[in-house]
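The numbers here are math on the coordinates, done by the rules we state, and not lab data. Because the structure is predicted, anything quoted here is derived from the model rather than measured. Here Cβ is always computed from backbone atoms with ideal geometry, including for glycine, and neighbour counts include all displayed protein chains.
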Amino acid sequence: MPREQHGQDASATPAAVQLNHTAVYATDRHLSAEFLATVLGLEVGSPFGPFLPVDLGNGVTLDFYEKRDEPIQSQHYAFLVPDDRFDTMMARLDAVAVTYYADPGHTEPGRINRLFGGRGAYFRDPDGHNMEIMTRPYVRP
């Protein structure tokens, strides 16, 4: 069945679809947004309704949203970062005493990985989201 019949625009090719923003649940939107912005060397934007945005610089914002009525479910957010800024980001994690790991399961503390010829590390944000910084994108089959 053609895509138009399912309410989709046939001209919307995969290359034309881009992530614009996503909500990141937090118990304290200011704390979580400032934490991530500090690690990545970014700035927290002005509040937009109930959201506190961190602009990633590629047209995508993470909109931190306070959710206090139920536990925060951990999500995974991966950030492709310039290789020449990786060491600075790692130093920022050390400065705020945040343990980083070489693996997503957090079994290799204090180590980085070297996947696909780059460097990467995982760490938790204040609400337990599994954050990842990496200098090379994953090679997918």
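Size of segment 29-105 along its principal axes in angstrom, Cα-based, largest extent first?
35, 27, 20
So what's the angle, to the nearest 10 degrees on a 0 to 90 scale, between helix 29-40 and the longest Cα principal axis of the chain?
70
Most mobile of Thr38, Thr22, Thr13 per a Gaussian network model of the chain (Cα springs, under 10 Å)?
Maximum fluctuation in the GNM of the chain, among the listed residues, is at Thr13.
To the nearest 10 degrees, how steep is helix 83-95 against the longest Cα principal axis of the chain, on a 0 to 90 scale?
Helix 83-95 and the main axis of the chain meet at about 60 degrees.
Under a 5 Å amide H to amide H cut-off, with H placed in plane at 1.01 Å, what residues pair with Tyr100 once short-range neighbours are removed?
HN-HN under 5 Å from Tyr100: Gly110.
Looking at the chain, send over the antiparallel percent of its DSSP beta bridges, to the nearest 5.
Antiparallel bridges: around 60 percent, rounded to the nearest 5.
With θ set to phi - 60° and the Karplus curve 6.51 cos²θ - 1.76 cosθ + 1.60, what are the ³J(HN,Hα) couplings of segment 124-134 in order, to the nearest whole Hz, using x for Gly and Pro?
For segment 124-134, the Karplus curve yields 9, 8, x, 9, x, 5, 8, 8, 9, 10, 8 Hz.
Anyone know which of Ser74, Ser46, Ser32 comes out most mobile in the 10 Å Cα GNM of the chain?
Ser46
At q = 0.22 Å⁻¹, what is the base-10 log of I(q)/I(0) for the chain according to the Debye formula with one equal point scatterer per Cα and no solvent? Please give it to two decimals.
For the chain at q = 0.22 Å⁻¹, log10 I(q)/I(0) is -1.37.
So the label point goes 7 Å from the Cα of Ala15 along Cα→C-beta, right? Which residues of segment 117-141 then have their backbone N under 19 Å from it?
From segment 117-141, the list is 140.
Report the residue, chosen from Asp125, Asp87, Asp103, that carries the largest GNM mean-square fluctuation when the chain is represented by alpha-carbon nodes joined by springs under 10 Å.
Asp87
May I ask you to evaluate 6.51 cos²θ - 1.76 cosθ + 1.60, the Karplus curve with θ = phi - 60°, for each residue of segment 117-122 and list the ³J(HN,Hα) values in order in whole Hz, giving x for glycine and proline?
x, x, 10, x, 7, 10
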